[in-house]
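The structure appears right after this line, and notes come after that.
The values are calculated or read from the model by the stated rules, or taken from the named source; none is laboratory data. This one's a predicted model, so the numbers in the text were calculated from it and none came from an experiment. Positions of Cβ are generated from backbone atoms using ideal geometry, with glycine treated the same way; all protein chains shown enter the neighbour counts.
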Amino acid sequence: MSDTLTNQFPAGVIIPAGGIGSRINHPQPKQFLLLAGLPMLVRTCRAFLELDVIRWLVVAAPIDHYQATIDLLRQHLSPREAERVLFTPGGATRQDSVLAGLKRLPADISLVLVHDAARPLVDGATIRRCLEGAARHGAVIAAIPVQDTLKQASPTGLIEKTVDRTALWQAQTPQAAKRELLELAFAAAGRQQFVGTDEASLLEFASIPVRIVEGSARNLKITRPGDLSVAAALLQEEPIMKIGHGFDAHRLVEGRKLILGGVTIPYALGLDGHSDADVVAHALIDALLGALGAGDIGRHFPDTDPQYRGIDSLLLLAQVQQLAEAQHVLLGNADITIVCQRPRLAPYLDEMQANLARCCRVSPSAINIKATTTEKMGYTGRGEGIAAHAVVLLRSEHGST
């Protein structure tokens, strides 16, 4: 989703988790069940919280398990993830739970996604397609074409006819809409006591057009016990994992700004270089390129090219992130060490972390930044320059396109 659309349509997510999943035949609500070692609801929420474009996520929890739901997510989510999660008691129906979640979303949220708690394998690419589709067209659902032959049968089980599947789609979630459209749909349903099976049916009832965007075959809904085994098998597919290391160092000189991790730091000296000489961003770029087997920063952004003179290194990082996405890999996590005798960097690390995470399209918790000194030894210890090391792990994103 482009930055322009992100700013124009702040996004929130509603997870209706008010049911107990009776068909799965378990005493616990199915969203509490472990899937490859993590509760299903935790996996579902994390899929959205990994994206910075999601401002808030509301969980409509079962009334009888309300506090248990809060405790579960607080136990498994990082503090940065948990601070974006809100809760509300779920209703008797999915429609009631979604409406409760809609009322709980802060007023500045103008784009709303609704996603089943029992679809924990949703991927970031599908979420972004829904966001962009709703921002452009008003209302969309993720769906996949029906692939199997369909038969219409009589009550006694006799086949009456084969159904043409050419224009048939299997609905999934997320289902996304501009907030005002979803509120109009709920108001229309309330006036006429209409109960829909999903948000798209409410929008259709209110004569609001809904478009289809491409979903994913992996985005299955866990309804019966066997579905858990299928989902676990999909999660255990051997992932692509790639490791990269990056290093950069620049000399401190007068007459330059000191920019680290996209943050301008007040100091008498700045780093010398062709670009803004941001060693933190450069080390991360080199680590990403190393993991991709794509050379180094000099090959992609040579210091002989005038277009890169004085350029913001975060723009270069964003371009390298696009290279990673083209190979269907995403940043799993990064660990960065800044070697700097002075100035003191601790007050600026959080802002650096947020900047790098935004460029890499991950949660800030996936970026760890440390600052250290060399006890006045060497060129960094004498205050002649600053260096940075970065190590990254890239992982495959199943279902990306």
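Identify the single condition in (1) in contact with a helix residue (DSSP H, G or I) (Cβ under 9 Å, 6 or more places away or on another chain); (2) in contact (Cβ under 8 Å) with a residue 24 or more places away in the chain; (3) surrounded by 13 or more Cβ atoms within 10 Å (Cβ to Cβ) that Ala287 does not satisfy, given that it satisfies every other one.
(1)
Considering each of Ile208, Ile212, Ile243 in turn, give the residue that is touching a helix residue (DSSP H, G or I) at 6+ places or on another chain (Cβ under 7 Å), surrounded by 15 or more Cβ atoms within 10 Å (Cβ to Cβ) and in contact (Cβ under 8 Å) with a residue 60 or more places away in the chain.
Answer to the selection: Ile208.
Can you find, within segment 185-205, the residue that is farthest from Gln170 (Cα to Cα) among those that are in contact with a helix residue (DSSP H, G or I) (Cβ under 8 Å, 6 or more places away or on another chain) and acidic (Asp, Glu)?
Restricting to residues being in contact with a helix residue (DSSP H, G or I) (Cβ under 8 Å, 6 or more places away or on another chain) and acidic (Asp, Glu), the top hit is Glu199.
Contact list please: Cβ distance under 6 Å, first residue in segment 61-89 and of a type in the set (Phe, Trp, Tyr), second residue buried (at least 17 other Cβ atoms within 10 Å of the Cβ), pairs at least six apart or on different chains.
Once the first residue is of a type in the set (Phe, Trp, Tyr) and sits in segment 61-89, its partners that are buried (at least 17 other Cβ atoms within 10 Å of the Cβ) give Phe87/Val59; Phe87/Ala61.
When you go through (1) at pLDDT 90 or above; (2) assigned to a helix (DSSP H, G or I) one by one for Asn7, which number turns out not to apply?
The failed condition is (1).
Go through segment 31-77 residue by residue and tally those that are basic (Lys, Arg) and either touching a Lys or Arg at 6+ places or on another chain (Cβ under 9 Å) or part of a strand (DSSP E or B) (or both).
Qualifying residue count, segment 31-77: 1.
Quick one: which strands (runs of 3 or more DSSP E) sit completely within segment 241-332 and have at least 1 residues that are at pLDDT below 95 and not basic (Lys, Arg)?
So the answer is 241-253.
Which of the numbered conditions does Pro79 fail, given that it passes all the others? Conditions: (1) at pLDDT 95 or above; (2) within 18 Å of the chain's Cα centre (by Cα).
(1)
Just give me the residues in segment 325-347 being surrounded by 19 or more Cβ atoms within 10 Å (Cβ to Cβ) and under 24 Å from the mean Cα position of the chain (by Cα), in sequence order.
Listed by number, the residues that qualify are Val329, Leu330, Leu331, Ala334, Ile336.
Return a yes/no flag: does segment 97-119 have any residue that is over 22 Å from the mean Cα position of the chain (by Cα) and crowded, with 21+ Cβ neighbours inside 10 Å.
Checked segment 97-119: at least one residue is over 22 Å from the mean Cα position of the chain (by Cα) and crowded, with 21+ Cβ neighbours inside 10 Å.
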